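A.B. asks: Below you will find the structure I want to go over with you.
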Amino acid sequence: MTLQFFFENQPVASFESFYLGQPSDSAIETLEPTDLLILDKADFDHIRRTLPGFESSLNRWLCTRFIAYRQRVHTQLQTTPTGRYQALVADNPMLLDRVPLHEIATYLGMTPVSLSRIRARLNEQNMNSKL
């Protein structure tokens, strides 16, 4: 199951694992060649203590991520598979250029076959509306 996508210069972590100091139940997989900068908890805590403003910036970022994640869960529960795909195309069209369709399908909570059918139906509708 794919829960999130991250791109250049975006921090990635299993928040629960990092915060609680426990092993994560998730894995991070790269889909493109990637250079990672790794920050351990001790260094992170040192930065929090010594850089003015870091804590408030971190809190703002965490709140933004939480809101986005909550909205995504709500969309997953309240929207049809076709609606989820259309929202993704409207909100994040670059995903279609950078992420394999089978990953997009799991992110949207459907099988690759279902996603293929939805895409074919929408493409047919778009072609018919242009005629």
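A short reminder: the numbers here are calculations on the coordinates, not readings from a lab. What you see is a predicted model; the values in this text were computed from it and never measured. Please note: Cβ atoms are built from the backbone with ideal geometry, for glycine as well, and neighbour counts cover all protein chains shown.
A.B. asks: What is the magnitude of the charge dipole of the chain about its Cα centre, with +1 placed on the Cβ of each Lys and Arg, -1 on the Cβ of each Asp and Glu, and no other charges, expressed in debye to the nearest 20?
C.D. replies: Values: 13 positive and 14 negative charges, 136 e Å.
Value, rounded to 20: 660 debye.
A.B. asks: Between residue 25 and residue 68, how many nm apart are label points set 7 Å from Cα along the C-beta direction?
C.D. replies: Between residue 25 and residue 68, the simple spin-label model gives 2.3 nm.
A.B. asks: Could you state the number of Å between the C-alpha centres of region 3-62 and region 73-131?
C.D. replies: 29
A.B. asks: Among 5, 38, 78, pick out the residue whose Cα is farthest towards the positive end of the charge dipole of the chain, where Lys and Arg carry +1 and Asp and Glu carry -1 on C-beta, about the Cα centre.
C.D. replies: Value: 78.
A.B. asks: With viscosity set to 1.002 mPa s and temperature to 20 °C, compute the Stokes-Einstein D of region 64-131, Rh being the Kirkwood radius across alpha carbon pairs; µm²/s, no decimals. Working shown, then result.
C.D. replies: Working: Rh = 12.8 Å.
Roughly 167 µm²/s, to the nearest whole number.
A.B. asks: Shifting gears a bit: May I ask you to evaluate 6.51 cos²θ - 1.76 cosθ + 1.60, the Karplus curve with θ = phi - 60°, for each residue of region 42-52 and list the ³J(HN,Hα) values in order in whole Hz, giving x for glycine and proline?
C.D. replies: 4, 5, 4, 4, 4, 4, 4, 6, 9, 9, x
A.B. asks: Under the 0.36 nm per residue contour assumption, what length would be gained going from the current alpha-carbon distance of residue 95 and residue 48 to full extension? Walk me through the numbers before you get to the answer.
C.D. replies: Working: separation 47, 0.36 × 47 = 16.92 nm, distance 3.26 nm.
Taking residue 95 through residue 48 to full extension adds about 13.7 nm, to one decimal.
A.B. asks: Of all the C-alpha pairs in the chain, what % are more than 22 Å from each other?
C.D. replies: Cα-Cα pairs in the chain separated by more than 22 Å: 50 percent.
A.B. asks: Here's a follow-up. Can you compute the FRET efficiency between residue 123 and residue 12 using 1/(1 + (r/R0)^6), with r the Cβ-Cβ distance and R0 = 30 Å? Round to the nearest 0.05.
C.D. replies: Numbers: r = 33 Å, r/R0 = 1.09.
Working from the Cβ atoms, E equals 0.35.
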